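Student: Right, I'll just put the structure down here and ask away after.
The values are calculated or read from the model by the stated rules, or taken from the named source; none is laboratory data. What you are looking at is a predicted structure, and each value in this text was computed from that prediction instead of being measured. These accessible areas exclude ligands, DNA and RNA; they are computed on the full protein's heavy atoms, side chains included. Shrake-Rupley method; radii C 1.70, N 1.55, O 1.52, S 1.80 Å.
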Amino acid sequence: MKNSYRFKCMVMELEAEKTLIQAESLDGPNSNSSDLVARVRKLLFRRMLVGIRDGRFFLGTFHCMDKQGNIILQDAVEYRSTRRSSTSPMEQRCLGLILIPSSCRSSCHVGCSIEEQLSLLKL
């Protein structure tokens, strides 16, 4: 079971790498876009918490981002408040692979240490 999971992860990593290489080749010699691609590459397969404007949050593994800023999370779980009060319990449901449009996104947090966060900003 673990070997099949590792194999799936390796396949997904190779597909993501292939997609990023294709994106870089489309951009040509533009160094600004290659810097952005390098930043996104560092975020691949990290846990990400994305908030949207209606108050819901999605926690999942960052899979990719397109040129419009839409984010795809895999193994995503939706968290939402069952009532309007801030002290109400959170309801959750498993969603799997989801796309979050950039127009709906209000916040985005990546799960990593402070040192890693700083290295992501330096690029």
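Student: Rolling a 1.4 angstrom probe over the protein heavy atoms, how many square angstrom per residue are accessible across region 58-100?
Tutor: Result: 65 Å² per residue.
Student: A further question on this structure: Would you mind calculating the relative contact order of region 38-95 from Cα pairs under 8 angstrom and at least 6 residues apart, reporting the percent as a whole number?
Tutor: Relative contact order comes out at 25 percent.
Student: Right, something else. Rounded, prolate or oblate for region 26-121? Axes are the square roots of the Cα gyration tensor eigenvalues, ordered a ≥ b ≥ c, and the cut-off for rounded is a/c under 1.5.
Tutor: On the way: a/c = 2.36, a/b = 1.92, b/c = 1.23.
Note, shape of region 26-121 comes out prolate.
Student: So what are the ³J(HN,Hα) numbers for region 63-72, from phi and the Karplus equation (6.51, -1.76, 1.60; θ = phi - 60°), rounded to whole Hz, Gly and Pro as x?
Tutor: Couplings: 10, 5, 9, 8, 5, 7, x, 5, 10, 10 Hz.
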